[in-house]
Amino acid sequence: MRYLVITDIHANLEALDVVLADAAVRGYDRTLVLGDIVGYGPDPNAVIERVTGLQPYALVRGNHDKIAFGLDQAEGFNVSARAAAEWTLNALTPAHRDWLINLPKGPTVVDDCVEICHGSPYDEDEYIFDELDARRAIDSARQRLCLFGHTHVAMVFRLAGRSIGFVELTGTRIALDADAKYLVNPGSVGQPRDSDPRAAYAIFDAGTRQLEMYRLEYPIEHTQQKMVTAGLPEPLVRRLAAGR
């Protein structure tokens, strides 16, 4: 079984289309979506159409998806993020808004190896950046591989015995040890924040226990122009090209 893993699309249609085209060539059986389908970007309705067309095997909501409940969900957002949330709420069709409202809260067990969440297994809005956060998340996870998003940073944590640490991402493929537990963020499709603006996604092959992590160029300037035309905040437009 090969799982396509995508997260933090953030209404970026150009990035999503490049990812889906690349993944189709590499081959996958089922799709897992880890949340934040909308927010920041200019194409919330089109991106939802793409995601529903994939018929995801499992998906969970992200904090930006919860904006469909109303702007009170944007408490804690910065000025630009809140402005984008308000724009998104007004841009969504009633059907797509209802679809977002009905997205399940994570975590969700996918199979006897894989679990997915948005922030962490113990809190859908928690940010995981370091080993201390990862240790708590892995301890609360129900499966040996937990896939998460939210931070917009591609990262892999490995717990072997009582020792936890980062797995260095030096290539596209990582072989997962059968006796270790892993916490994996594939990176953001539409809003990377690791100083690499390329779209990120992953494929997990459950049969071979191989994790494949990819980065792809996409026409950022096209997305930026649509954001400008929509009147989305200028700082959000600029940050796409910086990957932060």
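Points to keep in mind about this one:
- Pair list, Cβ under 8 Å, 6 or more apart: the range 195-215 residue free of Cβ contacts under 8 Å to residues at least 40 places away in the same chain and in a strand (DSSP E or B), other residue of a type in the set (A, V, I, L, M, F, W, C) and surrounded by fewer than 17 Cβ atoms within 10 Å (Cβ to Cβ): GLN210/ALA175
- Selection within the range 94-105 - surrounded by 14 or more Cβ atoms within 10 Å (Cβ to Cβ) and in contact with a Leu (Cβ under 8 Å, 6 or more places away or on another chain): ARG97, LEU100, LEU103
- Odd one out for VAL153, checked against (1) free of Cβ contacts under 8 Å to residues at least 24 places away in the same chain; (2) surrounded by 19 or more Cβ atoms within 10 Å (Cβ to Cβ): (1)
- Residue ID - nearest to GLY119 (Cα to Cα), chosen from residues in the range 134-168 that are out of contact with any Ser or Thr (no Cβ under 8 Å at 6 or more places or on another chain) and of a type in the set (Phe, Trp, Tyr): PHE157
- Where helices (runs of 4 or more DSSP H) fall wholly inside the range 42-145, the ranges with 2 or more residues that are farther than 18 Å from ASN12 by Cα and either in contact (Cβ under 8 Å) with a residue 40 or more places away in the chain or touching a Pro at 6+ places or on another chain (Cβ under 8 Å) (or both) are 131-140.
- Residue that is nearest to GLY62 (Cα to Cα) [pool: residues in the range 13-35 that are β-branched (Val, Ile, Thr) and assigned to a helix (DSSP H, G or I)]: VAL19
- Identity of the residue in the range 181-224, basic (Lys, Arg), in contact with a strand residue (DSSP E or B) (Cβ under 8 Å, 6 or more places away or on another chain) and within 16 Å of ALA154 (Cα to Cα), that ends up surrounded by the fewest Cβ atoms within 10 Å (Cβ to Cβ): ARG198
- Pairs with Cβ under 9 Å, 6+ apart, first in the range 166-186 and part of a loop (DSSP other than H, G, I, E, B), second exposed (fewer than 13 other Cβ atoms within 10 Å of the Cβ): ASP177/ALA160; ASP179/ALA160; ASP179/GLY161; ALA180/ALA160; ALA180/GLY161
- When VAL109 is tested against (1) among the hydrophobic types (A, V, I, L, M, F, W, C); (2) surrounded by fewer than 18 Cβ atoms within 10 Å (Cβ to Cβ); (3) more than 23 Å from VAL153 (Cα to Cα), only condition (3) is not met.
- Of the residues making up the range 153-182, those that are under 17 Å from PRO121 (Cα atoms) and not aliphatic (A, V, I, L, M) are PHE157, ARG158, LYS181, TYR182.
- Matching entry among ALA23, ALA84, ALA91 (being within 23 Å of ALA199 (Cβ to Cβ), modelled with pLDDT of 95 or more and either touching a Phe, Trp or Tyr at 6+ places or on another chain (Cβ under 6 Å) or surrounded by 21 or more Cβ atoms within 10 Å (Cβ to Cβ) (or both)): ALA23
- Being charged (D, E, K, R), surrounded by fewer than 24 Cβ atoms within 10 Å (Cβ to Cβ) and touching a Lys or Arg at 6+ places or on another chain (Cβ under 7 Å) holds for only one residue in ASP72, ASP29, and it is ASP29.
- The sole residue among ASP194, ASP179 that is farther than 26 Å from ASP17 by Cα and either of a type outside the set (A, V, I, L, M) or modelled with pLDDT under 95 (or both) is ASP179.
- Those residues of the range 148-165 which are assigned to a strand (DSSP E or B) and within 21 Å of the chain's Cα centre (by Cα), in sequence order: MET155, VAL156, PHE157, ARG158
The values are calculated or read from the model by the stated rules, or taken from the named source; none is laboratory data. Worth saying up front: this structure is predicted, and the values here are computed from it rather than measured. Ideal geometry is used to build each Cβ from the backbone, glycine not excepted, and the neighbour counts take in all protein chains shown.
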